[in-house]
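The next block holds one structure in the form of structure tokens; read it before the comments.
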Amino acid sequence: MKRRDFIEKTAAGTTLVGLGLSMSSFKSLDTKQLTILHTNDVHSYIDPFPADHPRNPNMGGVVKRAQLIEAIRKENSNILLLDAGDIFQGTPYFNYYGGELEFKLMSMMGYDASTIGNHDFDNGLQGLHAQLPHASFDFISANYDFKNTILAPFVKPYKIFNKNGIKVGVFGLGVELNGLVDKKMYEETVYNDPVETAQDMVRILKKEEKCDLIICLSHLGYNYKNEPNKICDLKLAATTKDIDMIIGGHTHTFLDKPTVVKNLDNREVLVNQVGCYGINLGRIDVFFDSDKNKTHQGRSIVV
């Protein structure tokens, strides 16, 4: 190396050290951020709660949620917006419009996918099918087998999203319908074991599709203290491998931040749920380094 080149390189290195930087510091420039935004059990709550509501005054509402989502998109365009089911049933909006308004508003907000909750069957398969043209997002459910129903062409077990070079696999799971939903509402829909189904999905998404992040969009419920044998999100996380994140619904569980559960490989799984009625919006930021190693932080935001 020529003396001049050596001096120039040494001087540049000295400047970096003087700034408190090393060459390894520039690896941070390769970090990619993916922001997961999510809701669950909104139950047709379009308007905010009234100002005199004893528990949730002025909280919730689609307008404020849309504004919050838009503000976050301006901060980071690399976003997935997901819903964990029970979009329907709870206000006169559903009784009158049958879900049309809910789907149109979710489409306007840019939802990417939703799983199917038990109340989304409340107008039967025909009622849900009739509203699908109003939804620009995907419906995913891996353990509801719709092959002998009108929904077969429209519901897929999983969806893969490519976000700024990050490959994200999202699959859906639903709660047992027998005893919870009138049989005539779900007709020939077959419920399959969610743990076995999750293992099949993980094999496909991790081994075959080579996803960098695997998300389970669940309507199983967070936990059942009085029914220890009933499958729930916490138990699903602990009895499976390679699920990075479970975004849940059904039990209307308000969490300030995700619960961390160790899976069968002693790796961390994030489990989150943000209550009900659109009061909160969940946010989980995942950071990937140049080797696709992940770190994360999450919280619930009051709408």
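The values are calculated or read from the model by the stated rules, or taken from the named source; none is laboratory data. Treat the numbers as computed from the prediction; the structure is a model and nothing was measured. Backbone-built Cβ (ideal geometry, glycine too); neighbour counts: all protein chains shown.
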Would you confirm whether or not the stretch 62-71 contains a residue that is in contact with a Phe, Trp or Tyr (Cβ under 7 Å, 6 or more places away or on another chain) and either of a type in the set (A, V, I, L, M) or in a loop (DSSP other than H, G, I, E, B) (or both)?
no
Of those in the stretch 127-173 that are under 15 Å from the mean Cα position of the chain (by Cα) and outside any strand (DSSP E or B), the residue surrounded by the most Cβ atoms within 10 Å (Cβ to Cβ) is Ser141
Restricting to the stretch 209-229, name every residue that is surrounded by fewer than 18 Cβ atoms within 10 Å (Cβ to Cβ) and more than 20 Å from Leu264 (Cβ to Cβ).
Glu209, Lys210, Tyr224, Lys225, Asn226, Glu227
Please tell me if Tyr222 is aromatic (Phe, Trp, Tyr), in the same structural domain as Ala84 (by TED's automatic domain parsing) and more than 15 Å from the chain's Cα centre (by Cα).
no
Members of the stretch 31-61 found to be buried (at least 21 other Cβ atoms within 10 Å of the Cβ) and either touching a Ser or Thr at 6+ places or on another chain (Cβ under 7 Å) or not in a loop (DSSP other than H, G, I, E, B) (or both), listed by number:
Leu34, Ile36, Leu37, His38, Thr39, Ser44, Tyr45
Just for the stretch 230-244: of the residues that are out of contact with any helix residue (DSSP H, G or I) (no Cβ under 9 Å at 6 or more places or on another chain) and not small (Gly, Ala, Ser), which one is surrounded by the fewest Cβ atoms within 10 Å (Cβ to Cβ)?
Lys230
Residues in the stretch 73-97 that are crowded, with 18+ Cβ neighbours inside 10 Å and either of a type outside the set (Phe, Trp, Tyr) or not assigned by TED's automatic domain parsing to the domain that holds Met185 (or both) total 11
Of Gly174, Gly248, Gly169, which residue is out of contact with any helix residue (DSSP H, G or I) (no Cβ under 7 Å at 6 or more places or on another chain) and closer than 16 Å to Thr115 by Cα?
Gly174
Looking at the stretch 230-258, I want the residues that are at pLDDT 95 or above and have a partner that is assigned to a loop (DSSP other than H, G, I, E, B) and of a type in the set (Val, Ile, Thr) with Cβ atoms under 6 Å, at least 6 apart or on another chain. Which pairs are those?
His250/Val175
Those strands (runs of 3 or more DSSP E) completely within the stretch 185-287 that have 2 or more residues that are basic (Lys, Arg) are none
Give the residues of the stretch 28-55 that are farther than 19 Å from Thr115 by Cβ, modelled with pLDDT of 95 or more and among the polar types (S, T, N, Q), sorted by residue number.
Thr35
